[in-house]
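Below is one structure, written out as structure tokens; comments come after it.
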């Protein structure tokens, strides 16, 4: 296990380095006129040159990257070019918003999607057809449309929940719940559809496997077979999908964040990428990369726990 | 069992729909509490006065006073300066300052502090540093100073109501970036750093012992959004108290809520800035008849209807409605007349038309604008080609490399005639080829030598000349909507899109 973790850690360091280098180069090559963009078209060429120099942009690209890397390794990601915020503070302000959404969606999706999938896979019949229709609808309905309908009905018209904004959990648990409930529901619909469909298919497939039939013919209780063998084996693919959804949501909740006016990482990614704010984008990319590494590791460990056979590889 | 479940779900949905239909609209408007929550799409790059620019001024006005106050109608009123006067040459401005204002750390606001601010603004390399280029500030005594200009600049008083006039605590200047996120001024509010999340929400508390009239609001919050849909939802649900809406569809959404109050704001015009009046890139544009033909060729009414649902006013002039030089009669100077456009082109020896290439910034030139302009110009024989430009390099391509003859742009219309002149007419950023003529130079010279209240006729003459000579191809002024919830009063600010902080109050 330790060797496995060490290997994964080593690979992760290489992954983070390559990701940072490629991202930095691509962003820097695309940003040709930062000083001008910051100061506007009325600024003199001298002022623009001075601004570029103050940001260190008059140095060779590799020197700029090396400087960034050394500081980033010490936890200093610099300041936003366009809002002067410290990158760590800017991300730190927005991360709780996105984590609230992502964790909420993941929990809701895992519970509801798993239950629906198992129910449909085991019972089949009407509930199975319902889950399949729900899954197709969940996939087919455009996310932004669902979100807009939800906000209009439950926030603007009924006033059951706030239409915009975010209240930190540290400020008010009730307020926090009220601000994330609708966004979490909006994001969960397609996610639940995906997990339910995945679990349903896996349950049906595993239930038809020879070793399950063998266990049944030996007289093992149906409930024991279901919980100890069918669900355990059927859960691994769902866990993989759940992990991918979690990572995707870190930066992928853009539309929901925009519609609900939530100051999260997704909306931030769009804003700062549009402006070409390299220090912030680098911070976001690193956050995302670290998130991918951690989630993949957790998924691997989870699958290893569920399926001991998988630990060998 | 199954039927019972389905029946319960159906009843729930019906109840929800019933409630949806009944909710909202008819509730009595309660008195507003003393908080003001503004939604905006403008983001300040910092809260240091040297970084202040147009749309972000409210963030600064909350914490910094300006030397001179610009009233809602655009006139100038005392603020930190109580009196001012020019000498006969209009190159030296005397200012008398208040003697009862201090910063929070006890540092007095006096002439030395004002000079430190003005010098720093001039030399700080900010976006508007050119406002004070060449200006020399001299302290006469604690409450008097002079600003001496290398040549008369009729915009100086305006600058002192704007970014150049914001006064910060000079004790903070020695520390680099000290004011970027922790502003220190004498304004009506102080920044609440614990409740502020730079980049998303700025929270301010009313200043204790403010030297002027206390604002009505004990707290002020300015939140930044990246789309107007969220802002409108915030207004409808009372989570926001005021915002400026620019897009036609969101204005329509706000209009459907009878509880909201909407006021027209005419600030930006949209049109083609024809830089190349000397014909350096497109030789045909050197002939005024060709530029006039362009103006006659565009069907502004249809374009306004298609692009902005008619929310605006067609115009042929770049002077704004709040200026002295504005002449309503000039708005339809170039009424849609493709036959006349074709005739003018023929007179100029271009009966077969010519080719024009303009950069396309998709954030401004939407598909319907691109198509409308292309179609209108093609009808008189002008082939318009859109060059796709990258947002990151567009400014350099257009303003530094001078690759194009013009560009479609949304431009704010200041309440100051001189700002209109210096921004668009004088050689500079938007006249980078430096084209001019005798009429323009004569009028500019005469305006410089006169007090502002004696210049109205000259500006009207200048405006008429610019329109007749077709320096630009304006389409229309865009109507924005300043929206407020019940209980909040606000007055629009002349020559400014986002209204000033001072213009908000609690309704009686």
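No lab work stands behind these numbers, since they all come straight from the coordinates. Being a predicted model, the structure only gives us computed values, none of them experimental. All Cβ positions, even for glycine, are placed from backbone atoms using ideal geometry, and neighbour counts span all protein chains on display.
Using only atoms on other chains, find how many Cβ atoms lie within 10 Å of each Cβ of peptide B:123-130 and report the average.
The per-residue average across the peptide is 5.
Starting from the 7 Å offset along Cα-to-Cβ, what nm value, one decimal, do you get for the label separation of residue B:227 and residue B:468?
Result for the modelled spin labels: 5.0 nm.
With each label point set 7 Å from Cα along the Cα-Cβ vector, what nm distance links residue B:505 and residue B:281?
With each label point 7 Å from Cα toward Cβ, the separation is 4.8 nm.
Please give the FRET efficiency for residue B:82 paired with residue B:351, using the beta carbon to beta carbon distance and R0 = 60 Å, rounded to the nearest 0.05. Display every interim value, and only then the final one.
Numbers: r = 64 Å, r/R0 = 1.06.
Here the calculated transfer efficiency is 0.40.
Which three extents, in whole angstrom, do the alpha-carbon atoms of the stretch B:122-241 cover along their principal axes, largest first?
Sorted from largest, the Cα extents of the stretch B:122-241 read 53, 33, 30 Å.
Cβ neighbours within 10 Å, averaged per peptide: list B:158-171, B:88-101, A:195-208 in order, most packed at the top.
Packing proxy ranking, top to bottom: B:158-171, A:195-208, B:88-101.
Given a Förster radius of 25 Å and the C-beta distance between residue A:49 and residue B:390 as r, what FRET efficiency does 1/(1 + (r/R0)^6) yield to the nearest 0.05? Display every interim value, and only then the final one.
Details: r = 21 Å, r/R0 = 0.84.
E between residue A:49 and residue B:390, to the nearest 0.05, is 0.75.
Which length gain, in nm to one decimal place, applies between residue B:249 and residue B:374 when the Cα-Cα distance is subtracted from 0.36 nm times their residue separation? Mind dumping the intermediate values first?
On the way: separation 125, 0.36 × 125 = 45.00 nm, distance 2.44 nm.
My answer for the length gained is 42.6 nm.
Over all residues in A:158-170, what is the mean tally of Cβ atoms on other chains that come within 10 Å of each residue's Cβ? Each step should come with its number before you reach the end.
Numbers: counts 6, 7, 3, 1, 5, 10, 14, 10, 3, 0, 1, 0, 0.
For peptide A:158-170, the averaged partner shielding equals 5.
Going by alpha carbons, how many degrees (0 to 90, nearest 10) lie between the helix axis of A:61-73 and the longest principal axis of chain A?
It is inclined by approximately 60 degrees.
Using mean Cβ contacts within 10 Å as the protection proxy, how do B:355-366, B:471-482 order, highest first?
B:471-482, B:355-366
Across bins of 10 angstrom width beginning at 0, how are the C-alpha pair distances of the protein assembly as shown distributed, in whole percent?
Percent of Cα pairs in each bin: 2, 11, 18, 22, 19, 13, 8, 4, 2, 1, 0, 0.
If a/c stays under 1.5 just call it rounded; otherwise compare a/b with b/c (prolate if a/b is bigger, oblate if not). Do that for chain A, with a ≥ b ≥ c from the square roots of the Cα gyration tensor eigenvalues. Display every interim value, and only then the final one.
Values: a/c = 3.03, a/b = 1.66, b/c = 1.82.
Cα axes put chain A in the oblate bin.
Rounded to the nearest 0.05, what FRET efficiency is calculated for residue B:171 and residue A:4 with R0 set to 51 Å and r the Cβ-Cβ distance?
Efficiency, from the Cβ-Cβ distance: 0.30.
To the nearest whole number, what is the average tally of beta carbon atoms from other chains within 10 Å of the beta carbons of peptide B:231-241?
Working: counts 2, 3, 11, 8, 2, 7, 10, 3, 6, 4, 0.
The per-residue average across the peptide is 5.
To test your reading of the geometry: what angle, between 0 and 90 degrees and rounded to tens, separates the Cα axis of helix A:125-140 from the longest principal axis of chain A?
10 degrees
Once you put a point 7 Å from the Cα of residue A:228 and another 7 Å from the Cα of residue A:127, both along the Cβ direction, what distance in nm separates them?
Between residue A:228 and residue A:127, the simple spin-label model gives 2.3 nm.
Is it possible to state the helix-based mean residue ellipticity at 222 nm for the protein assembly as shown, with each DSSP H run of 4+ residues giving -39500 (n - 2.57), the sum divided by total residues, to the nearest 500 deg cm²/dmol? What is it?
When only DSSP H runs of four or more count, the value is -14000 deg cm²/dmol.
Return the whole-Å distance between the Cα centroid of the stretch B:379-446 and the Cα centroid of the stretch B:83-159.
Answer, in whole Å: 30.
Would you mind computing Rg(Cα) / (2.2 N^0.38 Å) for the stretch B:268-364, counting N as its residues?
For the stretch B:268-364, the normalised Cα radius of gyration comes out at 1.15.
Compute the helix-to-body angle for A:278-306: its Cα long axis versus the longest principal axis of chain A, expressed 0 to 90° and rounded to tens.
So the inclination is approximately 20 degrees.
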